[in-house]
1. Nearest 0.05, what FRET efficiency do A:D199 and A:S781 give at R0 = 51 Å with Cβ-Cβ as r?
2. Quick one: which residues, 5+ away or cross-chain, put their amide H under 5 Å from the amide H of B:K105? H built at 1.01 Å from N.
3. Within 10 Å of each residue's Cβ, count the other Cβ atoms and sort A:V363, A:V283 from fewest upward.
4. Assign unit charges at the C-beta atoms only (+1 for Lys and Arg, -1 for Asp and Glu), then state the dipole size of region A:124-240 relative to its Cα centre in Debye, rounded to the nearest 20.
5. For region A:762-770, take each phi angle, set θ = phi - 60°, evaluate the Karplus expression 6.51 cos²θ - 1.76 cosθ + 1.60, and give the result in whole Hz per residue in order, putting x for glycine and proline.
6. Taking the Cα centre of chain B as the origin and placing charges on Cβ (Lys, Arg +1; Asp, Glu -1), which of B:L112, B:S61, B:I82 is farthest toward the positive end of the dipole?
7. How much length is gained on full extension from A:E793 to A:S106, taking 0.36 nm per residue of separation minus their Cα-Cα distance?
8. Can you tell me how region A:697-747 classifies by the Cα gyration tensor, rounded, prolate or oblate, using a/c under 1.5 as the rounded cut?
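Nothing in this text is a laboratory measurement; each read-out follows from the coordinates by a stated rule. Treat the numbers as computed from the prediction; the structure is a model and nothing was measured. Note that we place each Cβ from the backbone using ideal geometry, even for glycine, and neighbour counts take in every protein chain shown.
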Amino acid sequence: MLDKLTYKTIYLVSIPKIHTDLLWDLTMLFIVLAIIIISTVFYFKRKLTVNSRKTLEKKKELSPMISEFIFYSKDASKKEKHIYIEHKILIRELLKNDFDRKVLTSILLDLRKDVTGESQRQLINLYKNLGLHKDAYKKLKSWRWAVVAKGIMELTQMQVTESYQLIVGFINNRRSVVRKEAEIAAINLKGEGISYFMDTTRYRISEWQQLVILEVIRNNKEFVPPLFKVWLTSGNKDVVLLALRFIKHFNQNDAKASLIELLKHRNNQIKEEAINCLKEFHVVEALDTLKLVFWRCSTNIKILIIGAIAELGDIQEIEFLKQIEHKRLHFSVKNKALNAINSIAPESVMPIKGIESTESIIVPEDEIKEINEKDTNEDLASEIKEATEELTKEERVAEIKNVMEEDKVEENVKEIKEVIAADINEEKAAELREVKEEDEIEEKAAELLETIEEDINEEEVAEIEINQYEEITHEEKEIEPFIVDFKSVADVWEENPDTKNLNVEYDLIDFLPIVVSEDIKSDENELNVDLLDVIYDEIKPPMKSGKEVEAEEIEETTLDLNIEDLSFLPIVVDSDYENVLIGEEEQFQKTLLEFDLEYEEVSGQQEKMVIEEILEGNENETESRLQEIATIEVIYEELMGDEKTASNEENSNSWPLTEDNETLEEETGEESELASIISIIPKPYEFDDEAVELHRLLSDIEEFGDHREIPFLTNLLLDETRPLIRERIRDVIYGIERVINSENDAIGYNVFEELFKSCDLESKLILMDEMVSIGDEKEVSLLTRLTNDSNIEISSKAKSVLTKLKERHSIEAPGENQAESLDLTKSEEGNSKQQNKWDDLLTFTDEFKLEHRINAEKNNKTQGLSNIEMNNALLSKLMSLPNKLFEKLNG
Amino acid sequence: MEKKRLLLAEDDELLASLLNYRLEKSGYQVIMSYNGKEVKDQLVKEMPDLIISDIMMPYFSGLELIDYVRNELNSKTPIIIISSAGNEENVLNAFDLGANDFISKPVSPAELIVRVERELAKT
């Protein structure tokens, strides 16, 4: 009892009980699996190694042979010719082996990449003559996409233009690798390939593929570019993109309107390419559209548009660019706008970011001295010099006066002038006169300034500086050096008449600071010697572009005052100007808002109109349909009066339209009328099982049967009484007869006659040769007609061919063996063939087709069937015919 | 008349075989080398009348070969370099080191013969 109550120990972690034998079995199983896997891996590795070694050896063996074929010339020595023939015989044997054919193909493909010029052409010819392109054709039929892609690549590299039609079918293949190969092949093989590709492609063209196509076209020296603008309207956006790139590449600048229209495209890439094209072709007409679409573009496109405006635009676009600068846009867009302004009007926007204000700078006293010294000595002296040479004094004084009157700075200037004038005493004026006498101007100026500095009380200077910093604004400070006033020379002369006698050259004292005397204002006549004030005009703006000059011209037309002449003046921030700026900005904002609003309104109205139209249309349509359905419903109910359709009736009653009481009343009233309609409707045929089986049989006969079924069908027709089945049997018989007739028509078709229509003289002669060997009775009539041809060559050839053909047919009399006829034909041409044996061997085209004849002979020996040989000979001739024609056409 | 000896250093055996055939056909005696080591051994053994070398070769590149011939062997044997198209930097380096001529891949064998003849005519 106690034992039963005792708790059992439960282990948290317990080892599962597994049978040891099972463990051993599993171990053995995994060991065996591992051995199998390892041995498989080793087997395949070894196989690959052996294959590659074999291929390498084969390549070594075949490469001299290929070199021999590539560099063979007809004027080779006997020994070389002998080697060449030996190689030809050998290679013919090799072609029978698939592995050898693969190796040969790979060698030729490898060499195709490494050689160029005549050698490459020979290589391609060799590839075709060896019939290796037929292997590539087989690859195109493979179910493995990799093999198909390889086949296309082979045909492209070996320039097998005949394969173009086969390859273009892969342009819309669902496998991208195959598709890409086909695209490149189409472009490479034929000039019109690019047009076909761009017309038909439905898939995406990746960026990489576009680059590859561009590269292929670039390397194709014979490529004649079509007008790519026709594809700007394509539904495939990648085609449009590619067309844009081609337009840019080939400089086809005749699609300006389309390019401008593409600026409105939703796709950013297309927009980008369109902008690039417009920039490339310098399409100024695009500016308005560029400005319009700007507000709806992404940042990158905005930057591109601004770049385009900078390149295409003139000074009129600055306004737009300024608007951008004031808007809440990405900083890079704003920066680009400033760059654009500067590129249109250089240096019109100065750096503003990170520029410290100079107002808070406290300059030490000794520094102020230096500044004064510098300003008065160096800058102004040079400026005065230049100014005196250019403008007359009177004009400048007048201008200065005007400016001084207008500017608010005048008051400050006056104050400073008074302060400075008060400090300069008579002694300094005397010294100045003495200094004027000396020759070296700069030295004198320096001495003079030194003395000025010495004499001027430091305290006074400090006071002046403090006054300047306190009262004059930052802008006003800039003109500080200009408003230093000295006593006029006239005053000095009045005080010291002796100095009048001094023959002072005033040009030599142009280093002196600018003098604006109060007397100038009062009496201009006395200023004839005061050259110093000319400096105000000499601060010239930087070199201007043509656009700036234009702008200045515009300004000149509107203002009497020449702004350029006043450019030396400090920047005066007028409250009116600020108002103007604010006003402009407000106006711009307003126009923008109006633009947006208008747009929204228009689009809203359009949408509304469209919706209304749709609703109206829907209403009308639904009404008419409801009416139709209602009438149909009535008929349906009346016709389906049996029990089976009870449920349908219920359903139809549940139809919302039939809930209309009025309609239901009308229905009951028209019952009698509908009863008459029912009597007109034919009753359905009911087929029994036998009839159904018969129908099936007739369908099968119609699909698979031929003329042998006609007697059976005729008997059936005679026995059958049911009209519908009789009619069906007749149809089947007519169908079979139609097929037989069409086959008969095809048999009467003469292929030579068709070919003759589109051949040149030489091709016609070749065709006639072929008629001898493969022609039959059908050719006789053609040849008879040709004997009367206006061309002597053709008529004489036709006669001889006709004779030969007739001879052949007489030999091929019924009961005679066809093999014998072949032998006879051979014997007929035997002598000439033997004579040309060596020549034949030296030409590839005939040589490799002999293979078929050899095979046929083998078949004859083994099977003893002469018919097969005849067929093979005919087949080989037929196969060689297009080749010969192509060779002929290719010269 | 003794045939001129050319050393053809090219790692692509197919191309080497093709060029060898064309050069021999033009009346030159060609010594083939498929890598840098072979070239070096060959040069130590006997200096040819002209060297045709690919730039990209195993063990010993074409540039190293030029340097070796010009600076270590102090030979003025004409060297024609074969290089892949677009490898402009290598070509310039080759000329700096003392290559006499340059031909880009894909090679035209006929053009190569003309260049070889011209270089040999200079010596």
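1. According to the calculation, E is roughly 0.75.
2. B:S83, B:S84, B:A85
3. Details: A:V363 13, A:V283 21.
With the fewest neighbours first, A:V363, A:V283 line up as A:V363, A:V283.
4. Taking the Cα centre of region A:124-240 as origin, the dipole is about 420 debye.
5. 5, 5, 4, 5, 5, 4, 5, 4, 5
6. Of the listed residues, the answer is B:L112.
7. Working: separation 687, 0.36 × 687 = 247.32 nm, distance 4.52 nm.
Between A:E793 and A:S106, full extension yields an extra 242.8 nm.
8. It comes out prolate by the Cα gyration axes.
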